[in-house]
């Protein structure tokens, strides 16, 4: 494992408190988190502490942008689905399924309240893990989709193995994750990209390398331009990166200077837009992988 950098637990507590979430009970006596990179380029936080239902409830209740009904990655996924059968992993309340009428749709979700709401909308959504579904229904679906879920999982390799099992021959896996090659991955002090929210971080290279060892071929990686909901975050990140020196974490004085500069840019209307052809990619990358005829063809884990 290659060490990249660390972030203090106290800084994370402060950032999440500003977002309306208290993570004290989750972190316990952990004082810092280290970001490591493995042989496949997967970036992993250590220790791996994940959020619970209370944590996500606090985030969603206090931040209207947290769960969006519509996402641009949905439209990109539709282009690859056509009239094929779909299994969505981590489907939440079923926003993706309500955007389009599929010939066959099944959603998997571990949040009981979300499952109840999705079923109330007439959707086939099950309180079940991908591992259990794949074991019961091998080679049963043409498309497996997952949006903004993979980065929350402590065992992403198991996700790809189970998706491979569930897919028909030549089936497609479509995933959307926060991109490490975007503005969102360029600043160290981003609490939402650290535990207990995100456990892993994904570069383009990792999205090609890691799934290939689980029986997939990468067909395409598509970077979504900066979206309106992220404009403020984009500009604040650019300012933080400009203030950052020697790859060190930002000081309190630097953060205050960044907030003042952001207010100035906002008053001038600069933060209200980002040109689509801007040189820095937006938050999300969509990956399309094809199930190979034989698992492990590109190597075994």
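Tabulated data for the structure shown
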item	result
Sole exception among (1) in contact (Cβ under 8 Å) with a residue 12 or more places away in the chain; (2) over 22 Å from residue 110 (Cα atoms); (3) assigned to a helix (DSSP H, G or I); (4) outside the structural domain of residue 116 (by TED's automatic domain parsing) for residue 5, by number	(3)
Candidates 157, 98 - the one that is touching a residue at least 12 places away in the same chain (Cβ under 8 Å), closer than 16 Å to residue 214 by Cα and surrounded by fewer than 22 Cβ atoms within 10 Å (Cβ to Cβ)	157
Test: residue 29 is surrounded by fewer than 20 Cβ atoms within 10 Å (Cβ to Cβ) and either within 26 Å of residue 212 (Cα to Cα) or assigned by TED's automatic domain parsing to the domain that holds residue 213 (or both)	no
Condition broken by residue 107, with the remaining ones in (1) at negative phi; (2) under 22 Å from the mean Cα position of the chain (by Cα); (3) touching a residue at least 24 places away in the same chain (Cβ under 8 Å) satisfied	(3)
Tabulated pairs, the range 179-191, first within 21 Å of residue 51 (Cβ to Cβ), second modelled with pLDDT under 75 and part of a helix (DSSP H, G or I), C-beta under 6 angstrom, 6+ apart or interchain	187/237; 187/240; 187/241
Members of the range 76-101 that are modelled with pLDDT of 95 or more and in a loop (DSSP other than H, G, I, E, B)	84, 85
Some residue of the range 74-93 being on the phi > 0 side of the Ramachandran plot and touching a strand residue (DSSP E or B) at 6+ places or on another chain (Cβ under 6 Å)	yes
Boolean, residue 169 is closer than 23 Å to residue 210 by Cβ, at pLDDT 90 or above, assigned by TED's automatic domain parsing to the domain that holds residue 209 and assigned to a loop (DSSP other than H, G, I, E, B)	no
Among residues of the range 12-43, those that are touching a helix residue (DSSP H, G or I) at 6+ places or on another chain (Cβ under 9 Å), in a strand (DSSP E or B) and touching a residue at least 60 places away in the same chain (Cβ under 8 Å), counted	2
Subset of the range 21-47 (residues that are within 17 Å of residue 178 (Cβ to Cβ) and under 18 Å from the mean Cα position of the chain (by Cα))	35, 37, 41, 42, 43, 44, 45
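The values are calculated or read from the model by the stated rules, or taken from the named source; none is laboratory data. Computed from a prediction, not measured in an experiment: that's the story for all the values here. Positions of Cβ are backbone-derived with ideal geometry, glycine not excepted, and every protein chain shown enters the neighbour counts.
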